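Asks: Shown below is the structure under consideration.
The values are calculated or read from the model by the stated rules, or taken from the named source; none is laboratory data. Note that this is a predicted model, so its numbers are computed, not measured. Cβ placement follows ideal geometry from the backbone for every residue including glycine, while neighbour counts extend to all protein chains displayed. Ligands, DNA and RNA are stripped out before the accessible areas are found, and what is left, the full protein with its side chains, is counted by its heavy atoms. Shrake-Rupley method; radii C 1.70, N 1.55, O 1.52, S 1.80 Å.
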Amino acid sequence: MKRTKWLSLLVAVIPVWFSPVLANENDGESLQSVELEEMVVLAPKDALADVIPKERLQMPSLSGSVLDALSEEAGVQIIRSALAGSDGSALRLRGFDETRLRISRDGVPINRDGSYGNGPVDWTLLSGEGTSAIEIYRGAGPAKFGNTLGGVVNIVTPKPTKHPSTEIGTAMGSLDTLDSSIRHTWKAGPVGWALAAGHFETDGYLRNNLMDRDNFSALFTFDLPAKWQVGAGMAYSKRECGMAVYNRPDSPYYNSGDPDADERSYGGPGIGSRLIDGVYAWGDGSKVEDENIGINGFMEKKMGKGRFRMDYRLWNQDRTETYIDAADRKKIIYQRNTEAEDGNWILQAQGAYEIGKHTIEAGGETKSYGWGAQDVSIIDTSYFNGSINFFQFVKEGFEGQTGIMNYHALYAQDTWSISPDLSVELGLRQEWYTADSVDPSAFGFEWETGVSDMSESTLDPRLALTYRPWTSGTFSARFGVTHRYPTSPEYFWWYLNNATDYFNTNFSPEKALQYELSFTQSLAESTDLIVRGYYYDVEDYISSTSVPGVGSVYYNIGQVEIQGLEIGLSGTLSKMLRVWANLTFQKGDKEDDPWDVENELSRQLRDFPEVMANAGVDLTAGKFSGRLWMNYVDDRDHLSSGSLVTLDAYTLVNAHGMYRIWERGKTRADLEITGQNILDEEYEETDGYPMAGASVMGGIKIRF
């Protein structure tokens, strides 16, 4: 294992070691011209924001998700139980999951309520055809970025274009995977629109893990006098996804033709521990059907030295879970319908104006969210153990509580350009968070708890200093205080445990002190170096575990410290060849963990790799462009049923090629092929769920 680790690191470093020597071969010319769409860049011009272009986001892949492209970035870890259709938190940045990140769509947060096992972000809405770029802003960002610990991931969607533009593509490959899409943009006079639609289907790698998904997104804009613009849009997805079936030799329904894997129940509250035969009870044909819709509107005013913008977003999700008898595929043992996200909404306003050497920004947001209703339409109680009489919500469903949680914030910040080489950023963010009392009867419970509600108010400062001692080099230092408040499922299950007296502790929001130092340097005008060091000191870190017969248990860890170093280097070796690499060293320690009282993890955070590396080579030669790259993730420890489990390190090698077979005027046709995990590495991102081996996807894309 250690040999594999150091070999992977050597592969990451060698391609960029010689780049300064060969850099002078580049004459700065490009073989192809590309018309770029207008992009919304969140970060200030001196901020360390990485931008992933649409060419990478729209590469054919088995997952049909933009997550694959994110895995190449420094500090990013992907954790999935399946390549396609996996619920739950799938993205980590600097060790922080999606509940601690700010995931935005055109600057508006899309972090959802996350109740009923939905997870904090619905990645099925973010397909390649509906994405033009992804911006990653790390660390203690400006006050406008909100209560984020690890950073901001902003999804940039297609915008209306001056000339009509249409793209059509289809690809197919391993595991009977098919991915087709169409996108059209245009602005005719004051009216503009951007439309995108896609269909994705796959048999999946694990047993009963097929997925069939349709996506549609639309944006309409209208220019008004005095440089005002208004717009409205929507994002819609509908999918059917098979729930992975427990498939190991101890199961009476074991199928040796499928990979050995644990079961995966999409949605919640879970029923596996309440079935007489547990995970053996449900099998092939069990599935979840999801329908998601988000509606957004905006108004924007552009001024000579500033701008003002207001955004509104409303989202809903309906879900149906169906469990099939493992011994009889015609027998439904349980089915429930859930309004998982029911009328949740956010309103956001922001403005910026330049006054002399100062850029003044101010704004705020307000958000309301909660739990929708759940209805059990089919249940065969003969399959359930005695706990079904105690947990009535599994047997009968519940009403839910909409609007139970509210979040409000105001911010102000000043970016002062003291000189061409020195700038200072000062910011303050005031936040208010309230969570109303949980009504036990709304969820089928008959008891009362000893707590009533939660109310928090915090004022968080941000400070940044940027210094450019010479033309090609920049130093930056950032400090920020951030609070992160309980999500709906965290608050609900902690509240519930107050009544059962099972492992109940005090529950507080997280408070994080964030420090970051960074340095960027251009070498020989063709090689770029970036080094970032960061440190987080988090008090009352919210963690959880799952207890059979009880459910989820949430609690505070007294203190968590995360520190790391990110190094990135890229260089142009010639007109045709570019190499790049990034390396992440990180460490996460914890103290006062009331669950891990025996310190089995030795203060280490669970599922936390200390080393990650990515490296690649990009080639452009005439009508051909290609990419060869690798991803390395170190081994990770976590507790499973009270025992220490280590997931092995893994190295993935991938390749992509595109060849232009037709070009006339603005019409282009390209053949594409992508090979993933081409060395057929055996690996897991989540314990118990092996990922796919060597695979291939190929297709054609036409633009006109």
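Asks: Limiting things to C-alpha atoms, what are the Rg and the maximum Cα-Cα separation (Dmax) for the range 343-404, in angstroms?
Replies: Rg and Dmax of the range 343-404, Cα atoms, are 23.4, 75 Å.
Asks: Could you pull the Cα extents of the range 300-406 along its three principal axes, largest to smallest, in whole Å?
Replies: Ordered largest first, the range 300-406 gives principal extents of 74, 28, 19 Å.
Asks: Next question, about the same structure. Carbon and sulfur: what percent of the range 656-704's accessible surface (1.4 Å probe)? Before the final figure, lay out each step's value.
Replies: Working: 1480 of 2520 Å².
Looking at the range 656-704 in its full context, I get 59 percent from C and S.
Asks: For the Cα atoms of the chain, what angle does the longest principal axis make with the long axis of helix 2-17, in degrees from 0 to 90, nearest 10?
Replies: For 2-17 against the chain, the angle is about 20 degrees.
Asks: Suppose only helical runs count, i.e. DSSP H with n ≥ 4. What mean residue ellipticity at 222 nm does that imply for the chain under -39500 (n - 2.57) per run, divided by all residues and rounded to the nearest 500 deg cm²/dmol? Don't skip to the end; give the middle numbers.
Replies: Numbers: 6 runs with 46 residues, N = 704.
Estimated from H runs of four or more residues: -1500 deg cm²/dmol.
Asks: Got a number for the accessible area of Leu57? Probe 1.4 Å, square angstrom, nearest 10.
Replies: For Leu57, the solvent-accessible surface is approximately 10 Å².
Asks: So, by mean Cβ neighbours within 10 angstrom, what's the order for 123-130, 303-310, 421-428 with the highest one leading?
Replies: In descending order of packing, they fall as 123-130, 421-428, 303-310.
Asks: Suppose accessible area is computed on protein heavy atoms with a 1.4 Å probe; arrange Thr359, Thr646 from highest to lowest.
Replies: Correct descending sequence by accessible area is Thr646, Thr359.
Asks: Given a cut-off of 14 Å, what percent of all Cα-Cα pairs of the range 227-268 lie beyond it?
Replies: Roughly 65 percent, once rounded to a whole number.
Asks: How much of the calculated P(r) for the range 514-607 lies past 19 Å, in percent of all Cα pairs?
Replies: For the range 514-607, the fraction of Cα-Cα distances above 19 Å is 58 percent.
Asks: Here's a follow-up. With angles folded into 0 to 90 degrees, how steeply does helix 488-500 sit against the dominant principal axis of the chain? Use alpha carbons for both and round to 10.
Replies: 30
Asks: So how do 111-118, 577-584 stack up, highest first, on mean other-Cβ count within 10 Å?
Replies: In decreasing order of mean packing, 111-118, 577-584 become 111-118, 577-584.
Asks: For every other residue with a beta carbon closer than 12 angstrom to the beta carbon of Trp228, add +1 if it is Lys or Arg and -1 if Asp or Glu, then tell me the sum.
Replies: +3
Asks: Here's a follow-up. Taking the Cβ of Glu516 as the center, what net charge do the other residues with Cβ under 12 Å away carry, scoring Lys and Arg +1 and Asp and Glu -1?
Replies: Around Glu516, the surrounding residues sum to +4.
Asks: Could you sort Met576, Met697, Met658 by accessible area so the largest value comes first, with the probe set to 1.4 Å?
Replies: The residues order as Met576, Met658, Met697, largest area first.
Asks: At 1.4 Å probe radius, can you tell me the per residue accessible area of the range 143-295 in Å²?
Replies: Details: 5930 Å² over 153 residues.
On a per-residue basis, the range 143-295 sits at 39 Å².
Asks: Net charge near Gln58: determine it from the other residues with C-beta under 12 Å of the C-beta of Gln58, scoring Lys and Arg +1 and Asp and Glu -1.
Replies: Around Gln58, the surrounding residues sum to -2.
Asks: In percent, what relative contact order does the chain have, based on Cα pairs under 8 Å that are 6 or more apart in sequence? Please report the intermediate quantities before stating the final value.
Replies: Values: 1945 pairs, mean separation 89.5, N = 704.
Rounded, it is 13 percent for the chain.
Asks: Can you give the translational diffusion coefficient of the range 161-214 in µm²/s, computed by Stokes-Einstein from the Kirkwood radius over Cα pairs at 20 °C and 1.002 mPa s?
Replies: Translational D for this selection: 165 µm²/s.
Asks: Something else: For His358, His638, give the ranking by accessible area with the largest first, probe 1.4 Å. It would help to have the intermediate numbers written out before the result.
Replies: Numbers: His358 60, His638 15 Å².
Sorted descending by solvent-accessible area, the residues read His358, His638.
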